[in-house]
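Presented below is the structure to which this report refers.
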Amino acid sequence: MFTGLVRDFGTIEALTDDNGVRRLTVSGNMAEQDLTLGASVCHSGVCLTVVSSDLSGDKPTWDVEAVPETLKLTSLGALKAGDRVNLEPSLRLGDELGGHLVFGHVDGLAEIVAIEPEGDSKRVTIRPPKDLVPLIALKGSICVDGISLTVAGTLENGDFQIAVIPHTWDVTSLGYSKVGDKVNLEVDMLARYVARQMQFAKTDH
């Protein structure tokens with residue numbers, strides 16, 4: 001479980017493929033207790049398990065693995081050495097919940113279709129997969145590439161907008177984004193469960 005508050009902006013140092021599994025070597029300013037064997041770390045919205053780590057250098061490095069399904073359904077499949085990822089360690093009991101509850105289970109890939117300045121901030125328009133449109137509500141929470149954000153606008157064609165403050169723009173991957181980029185999307189878990197209940201309600205009547 002995560003909060004969607006990005007802790008650091010990490011770098012993909014290397015990628016290797018072995019028998020259908022891709023191993024990613026990542027570096028970033030993560031604490032030793034967050035990189036123990038088997039720890040969960042959110043990489044741009046995707047929960048991955050630490051399978052090894054090296055704390056001997058100036059900056060920690062660690063390895064995570066992704067199966068073909070994860071590579072196909074998230075932006076991780078397009079990553080290459082040198083790319084940057086948003087990082088967040090898993091939530092611990094007693095930690096402050098500053099964003100919203102995030103699973104790290106990506107619901108789908110969305111596309112950035114517009115980036116417009118609003119003073120010092122940015123308004124970003126995102127096109128989600130059609131099946132996720134009913135789960136995105138004005139003023140509701142949404143997780144974009146691991147970042148907890150509020151839906152600032154919804155459009156008739158199903159697109160939604162987020163208003164990004166300068167700090168978030170500067171310290172996350174959003175600051176490097178451009179129109180046409182794909183982003184990992186996770187809808188609020190409450191919307192997911194309500195939609196499921198409504199589906200069963202329709203079946204029963």
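Could you identify the single residue in GLU88, GLU69, GLU65, GLU32 that is of a type in the set (Asp, Glu) and within 15 Å of the chain's Cα centre (by Cα)?
GLU88
Of everything in region 107-136 that's in contact with a helix residue (DSSP H, G or I) (Cβ under 7 Å, 6 or more places away or on another chain) and outside any strand (DSSP E or B), which residue is nearest to HIS43 (Cα to Cα)?
ASP107
Go through region 160-176 and give me each residue that's buried (at least 16 other Cβ atoms within 10 Å of the Cβ) and either without any contact (Cβ under 8 Å) to a residue 24 or more places away in the chain or farther than 13 Å from GLU116 by Cβ (or both).
Answer for region 160-176, where residues must be buried (at least 16 other Cβ atoms within 10 Å of the Cβ) and either without any contact (Cβ under 8 Å) to a residue 24 or more places away in the chain or farther than 13 Å from GLU116 by Cβ (or both): PHE160, THR168, THR172, SER173, LEU174.
How about region 3-60: which of its residues are exposed (fewer than 12 other Cβ atoms within 10 Å of the Cβ) and part of a strand (DSSP E or B)?
Listed by number, the residues that qualify are THR16, ASP17, ASP18.
I want to confirm something. Restricting to region 61-96 and keeping residues that are over 18 Å from PHE9 (Cα atoms) and of a type in the set (Gly, Ala, Ser), which single residue is surrounded by the fewest Cβ atoms within 10 Å (Cβ to Cβ)?
Going through the qualifying residues, I end up with GLY94.
Since every read-out is calculated from the coordinates, none of them should be taken as a lab result. Not measured: the values here are computed from a predicted model. Don't worry about glycine lacking a Cβ; one is built from the backbone with ideal geometry, like all the others, and counts go over all protein chains shown.
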